[in-house]
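Any read-out appearing in this document is the output of simple, stated calculations on the displayed coordinates, not a laboratory observation. For clarity, every value in this text was computed on a predicted model and none was experimentally measured. Cβ: placed from backbone, ideal geometry, glycine included. Neighbour counts: every protein chain shown.
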Amino acid sequence: MLRDSRRLPIYRFWTRDEAYELDGGLIRPRRKAPFVEIDLPADLWTQVLQINVFDEKQILGFSQKWGVLGYDGHFLRFSQSPILAPVLDEMIATLLLYPRTVEAPIEWPPAETVSNFALGASWIQLFAACLFALTHETDPPTRWPARILSGMGEGEIRGVLFEGINEGLKSLSVVLADPDTDGASGFFVDSPQSLFSHCCLEIANHIASGQQLKTCANETCGLPFTLHQGRSAHGSYRSDSKYCCKSCTNAQMQREHRRRKKEQNGPHN
């Protein structure tokens with residue numbers, strides 16, 4: 001159970017296909033690949049921020065690790081929203097690099113079009129850009145979707161953020177745990193129908209907890225991260241963490257150590 005009563009505990013158990021492949025604009029489970037059960041990491045949505053939505057290999061790489069986003073099931077709701085539909089139209093116009101004529105077939109295990117994955121990832125990245133804009137950050141986490149916010153006022157940005165997150169949450173169900181069978185009591189969110197809705201819930205929890213996105217201080221990273229990702233060198237959570245992970249902490253510390261050593265030795269040594 002999470003300590004903050006404003007946050008809903010998330011069911012992080014997930015089932016995906018063992019392997020995926022690109023097939024004519026589709027991300028399709030590899031033939032005869034078995035299902036595997038995995039534990040989703042905290043703040044999976046920040047890993048979506050790292051995806052270049054114009055790069056099919058990066059999209060496939062995420063799918064191989066965690067599964068497809070499953071935005072297909074959310075497309076209709078977003079297209080019918082007066083607030084979200086204009087943004088969706090701009091995304092579709094930009095992402096026409098992918099064949100929109102390809103439709104995911106009705107099959108099991110399910111496939112997802114590359115374009116729909118790119119749309120879902122773009123929404124997650126846009127939500128992050130909204131958070132940055134509303135907290136007066138100067139550098140958005142990703143360049144492509146953030147430019148959609150250009151010219152929008154604070155009220156419009158909040159509308160896109162909250163309307164989009166709430167639409168993504170509508171496919172979730174909250175259940176009451178049975179202490180005798182579940183080993184815990186209280187409410188929790190049942191296994192989501194898609195990773196897209198799972199990411200929306202993570203963002204909702206992030207907003208409810210009042211945390212802010214930070215930018216990793218590692219010079220070669222610069223990705224946004226949350227408190228749950230930022231750890232000290234000893235692995236404990238720190239509210240003043242400057243780095244998204246231990247490897248970035250070590251990399252930047254080594255870089256600065258080499259600089260200090262070079263300065264101490266002088267230019268002629």
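If R₀ is 51 angstrom, what is the calculated FRET efficiency for the pair Ser247 and Asp89, using the beta carbon separation as r and rounding to 0.05? Walk me through the numbers on the way to the answer.
Working: r = 39 Å, r/R0 = 0.77.
That gives a FRET efficiency of 0.85.
Test of understanding: what is the full-extension gain from Gln64 to Arg77, defined as 0.36 nm times their sequence separation minus their Cα-Cα distance? Working shown, then result.
On the way: separation 13, 0.36 × 13 = 4.68 nm, distance 2.70 nm.
Gain in length upon complete extension: 2.0 nm.
Rounded to the nearest 0.05, what FRET efficiency do Gln211 and Lys261 have when you use their Cβ-Cβ distance and R0 = 35 Å?
Numbers: r = 36 Å, r/R0 = 1.03.
So, using R0 = 35 Å, E works out to roughly 0.45.
So which lysines pass the test for Lys65, namely a Cα distance under 30 Å, with those fewer than 8 places away in the same chain ruled out?
Lys32, Lys57, Lys170, Lys214, Lys242, Lys246
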